[in-house]
Amino acid sequence: MNDLVFMHGLNEEPYTTDKIIAECSKNQLKVVKNLIRNHKQDLEEFGFLHFENAKLPGRGRPQKTYHLNEQQATLLITYLDNTPEVNQFKKNLVHEFYRMRKELNQRQINRAIEKPQRKSLMDAIKEWPQAPDYIYINMTRLLLKRATGLTAQQIKKRRHVKVALDGLTLKEQERYKQLENIAIGLVGLNKTWDEVKGVLLLA
C-alpha cells in the first residue's frame, strides 16, 4: 500500500496520480486519462485539476501526469468498472489518504512546536562569543544534513518545498529537534564551532 498517495510540503493537500490509479486498478493509462478528460468539469468541482509534464526518456514530447486530490480520485474511481481489483484499490486508497492526512496534521503541529525552539537556538547564537561568520546558515545546513542525509537544496528540489524545514518527514522532524536541542546546549556552554560540529556529527 506504499506510494499510493503523495504530499509536497505542509501547505499542500495529499494527492494521487492517474498512473497510480491505472496501475492499481489494472486499467490502461490511456483509459484513465480519457476518463479524466471526459469528466474534467465534474472533477474540478472538487478543486483545480493539477498536473505535471514529465519528459519521457527517448521521446520528444513530455507526458502529462494528473494529480488528483482525495475527492477527485474517489469520484474518478466511481467511473471505473467494479472489478475486484478496483474495489481493493478503493479501500487501499481510502486508508492511504487517511494515513497521509494524519501525518500531515502531525507534521504541521511539529513544525509549529519547533519554531520557538528555533528561536531559542537563534537567540543563543546571538549571545555566543565563539560564533563564527555565517553561523546561522551553517548551523541550519548541518542540522538538516544530520537529520535527513540531504542538503537543504536537495530537500527543496526532491520534496517540492520552498523552505527545507517544511519538507521533513515525521521521523526527520524528531531527529532535527533532538539535534537542535544538543546545539542549543553546546552553544550555551560556549563551545567552539568545531566542538559543536564534532558533537553533532557523532550524534
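The values are calculated or read from the model by the stated rules, or taken from the named source; none is laboratory data. Owing to the predicted nature of the structure, the values given are computational and were not obtained by experimental measurement. All Cβ positions, even for glycine, are placed from backbone atoms using ideal geometry, and neighbour counts span all protein chains on display.
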Given the conditions (1) modelled with pLDDT of 95 or more; (2) surrounded by fewer than 18 Cβ atoms within 10 Å (Cβ to Cβ), which single one is not true for L170?
(1)
Could you say whether any residue in the stretch 107-129 is in contact (Cβ under 8 Å) with a residue 12 or more places away in the chain, under 21 Å from K197 (Cβ atoms), of a type outside the set (G, A, S) and touching a Ser or Thr at 6+ places or on another chain (Cβ under 7 Å)?
no
Residue check, E96 against (1) surrounded by 11 or more Cβ atoms within 10 Å (Cβ to Cβ); (2) more than 21 Å from F6 (Cβ to Cβ); (3) among the acidic types (D, E), all met but one. Which one?
(2)
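Give the residue that is farthest from the chain's Cα centre (by Cα), with candidates limited to residues of the stretch 164-203 that are in a helix (DSSP H, G or I) and of a type in the set (K, R). Outline the logic, then answer.
Going through the stretch 164-203, the residues in a helix (DSSP H, G or I) turn out to be 164-167, 170-188, 193-202.
Narrowing the set further to residues that are of a type in the set (K, R) leaves 171, 175, 177, 197.
Working: K171: 12, R175: 16, K177: 18, K197: 27 Å.
It comes out as K197.
Any chance the stretch 46-53 includes a residue that's assigned to a helix (DSSP H, G or I) and more than 26 Å from K157 (Cα to Cα)? Show your work before the answer.
Step one: list which residues in the stretch 46-53 are assigned to a helix (DSSP H, G or I), which gives 46.
Add one more test, that the residue is more than 26 Å from K157 (Cα to Cα), and what stays is 46.
Yes - at least one qualifying residue is present in the stretch 46-53.
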